[in-house]
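The values are calculated or read from the model by the stated rules, or taken from the named source; none is laboratory data. Since the structure is predicted, the reported quantities are computational estimates derived from the model, not experimental observations. All Cβ positions, even for glycine, are placed from backbone atoms using ideal geometry, and neighbour counts span all protein chains on display. Calculation scope for accessible area: heavy atoms of the full protein, side chains included, ligands and nucleic acids excluded. Shrake-Rupley method; radii C 1.70, N 1.55, O 1.52, S 1.80 Å.
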Amino acid sequence: MNRRPTLTQSMSGLHTWAGLLIGWVLYAIFLTGTLAVFDREINWWMQPEFRDRGVDQVRAAQHAQRWLEDKHAGAPNWSITLPTERAPLLSVSAGERRRGGGQVLDAETGEPVKARDTVDGNFFFRFHYTLHMPRDIGVWAVGFAGMAMLVALVSGVIIHKKIFKDFFTFRPGKGQRSWLDGHNASGVLLLPFHLMITYTGLVIFFTIYMPAAMDAFYGGDRVAMLRDGREAAVEQVDERGEDEARKGERLRGAEGQRLERGHRTAAPRLDMLPLERFIERAEAHYGRGMIAGLSVSNPGRHGAQVTVRPLLGSRIELTKGEGIVFDAATGALVQAPSPSRATLLTQRVMAGLHFAQFGGYPMRWIYFVCGLVSCVMIATGLVLYTVKKRKQAAASPTGRRFLRVVEGLNVAAVAGLTVACIALLWANRLLPVTLAERTGWELRIFFGIWSLSLIHGWLRPPRKAWREQFGGAAVLCMALPAVGGGLVGEAADPIRFGLEACVVVTGVLLAWLARSVSCAPAPLVRDRSTGGALSEVCK
C-alpha cells in the first residue's frame, strides 16, 4: 500500500526542482544584481577619459549654465547632472527631458569631454531585471524566477529540521556533506535578506504583474495612479511665485512648441538667477550633499522654472522623479515635493530597500556581501544536486546524459558567467577606442565568452572544467590593473583604485576556490577497492 508523502517530503521535492530548473537564471540575476550595487563606480571605471577634478557642485553649475546659455539658449528645457561622490562628472543636455545622456563637460574648465562608447555598469543593472531580453519579456521572466525563488526559500525553511544548528555548522573536505553544509549555512545565515530582496524585487513591478487594480480604477493610466498616490502639492503662499508658475504652464506649451519647430520668437529674454543658488536652497530641504542635478524649463523666458532633483539616497523611500521647483527669475518656491500617501509610500520604501540607494557606501558594501552570499547559496544548491544524483544516475543511460547536461549548465552558469563579467572589463580596455559599434563588440565578447564556457563545460570533465574556468577568472581578475590603470597612471583615482583593488581580492578568492574544488561534480570511475563499483573521484 502506497503511503502519501509527508509535508517534508513534498517540500523537499519542490525545493529541489524549483531550485534546479530556475537556479541557473537565478544565479545570473543575483550576480549581476550584486555587481549593479556599484554600477556607477563601474561606469566611471569603464570611461577613463573622465577625471575627478574635485570640483564642487556650485562651480559645476556655473560652468553648465554658461555652456547651455552659449550653445542652447533657445532650447525649451535644460538638464544638468551634477558631480557626486559616486559619479564625479558634469553632464548637460538640452531640448529633452531625460537626465544625462548629453554632453559631458570638464567640471573644472567647462570644456566638452569625449569618452569611449561602452556598455558601462548599466549593462549589469539592465541584465539584472531583463536578462538582456526585450523589456516586457525580460521583466516577466525575472518575475517568474523571483516567484520560484520564494518557493525555494519557503520550502527550504519547511524541510530544515535543524535550522538553528545549521547556522553554525560547516564541515570542509567532507564531499557531499560539505556542499550541503555550505548551502545550508549560506541560506540560513541570510534568510531575512534573501526573502527581503526577492519580495521587494517583485513589488517594484507590481503594476506589470498585477495590473487589475490599475486597469479598474485608472483605466491602465499608471501616471494617474502615481499622481493620486501623492498628497496635494505643497505650494508657497507667494503671489509672485504662484503667478509665475501659472504663466509658465501657459507659455511652456505654446512657446516651447514654436521653438521646437524652429520658429524662434522675438520675446524678450528673462534674466534668470545663477543656477548655483538653487542648490543651496534645495539642500535646506533634502540635506547637504543630497542634490543630483537641475532641470530648467523654458530657460530665459517668462515662466522659467528650475527643478532641483535629489539623490536617490536622500532617504529610504525611492525618490526617483521627485524634485523641488523654484521660479527661475525670483527664486520663489513654486512647489515642494508632496509626501506620498500610505500605499505609494509602502511601495516606494520597498523599492528603496531593493535598490539600496540609502546609507552611503557602508550600506552598499553590506548589500554587496549579502549578494555574494546569495550567489554562494544558489551555486552550492546547483552543485549539491549533481553530487546527490550521481550514483542514482549511474544505473541509467538517460540519467547519465541528463546529469551531464546539468553539470555543464552548472559550470557555465556559475564559473562561466564569472569569466564573462571580468572579460567585459578587459574588452573595455583592449578594444580600440575608435572602433565602430564598439558597444556592440563589448556585448559580443561577453556573450561569446559565456557561450564558450558552456561548450567547455560539456567537453571537459566537470571537475577540471570548474577548476579551469575559476582559474581563468582568477587570472583575469588579478591581472586587470595591468590594463585598467586604476592603481597607477593617469586614470588613477579613489573610485577606480577601489574597484580594481576589489577585483584583485576577488581574483585571490577565485584562485583559492579553483584549488579547493576537489569534490565538485566529478566523472564516475570504476573503483577496484569496492569490487568495481562506480564512485566519485576527489583529489
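Restricting region 271-365 to trypsin sites (Lys or Arg not before Pro) that sit in a DSSP loop and have at most 11 other Cβ atoms within 10 Å of their own Cβ leaves 288. Averaging the sequence gap over all C-alpha pairs within less than 8 Å and six or more residues apart, then dividing by the number of residues, gives region 49-112 a relative contact order of 34 percent.
Roughly speaking, to the nearest percent, how much of region 38-85's 1.4 Å accessible area is carbon and sulfur? Of all accessible area on region 38-85, carbon and sulfur atoms account for 42 percent. Between residue 224 and residue 338, the modelled labels are 1.6 nm apart [label points 7 Å from Cα along Cα→Cβ].
Short-range pairs are left out: with C-alpha atoms under 8 Å and at least six residues apart, the relative contact order of region 1-144 is 26 percent. For region 293-416, the relative contact order is 16 percent, taking Cα pairs closer than 8 Å that sit 6 or more residues apart in sequence and dividing their mean separation by the residue count. Accessible surface computed residue by residue for region 297-406, with neighbouring protein chains in place and a 1.4 Å probe, gives 39 Å² per residue. Fully extending the segment from residue 215 to residue 137 would add 26.1 nm, taking 0.36 nm per residue of separation and subtracting the current Cα-Cα distance. Between region 1-52 and region 117-136, the C-alpha centres lie 16 angstrom from each other. Taking all protein chains as present, what is the carbon and sulfur share of the accessible area of region 378-446, in % to the nearest whole number, probe 1.4 Å? C and S fraction of accessible area: 67 percent. Shown for region 270-317: the carbon plus sulfur share of the solvent-accessible area, taken with all protein chains present and a 1.4 angstrom probe, equals 50%. For residue 208, the solvent-accessible surface computed with a 1.4 Å probe is close to 50 Å², ligands and nucleic acids excluded. Restriction of the trypsin sites (Lys or Arg not before Pro) in region 1-65 to DSSP coil positions whose beta-carbon has at most 13 other beta-carbons within 10 angstrom yields 3.
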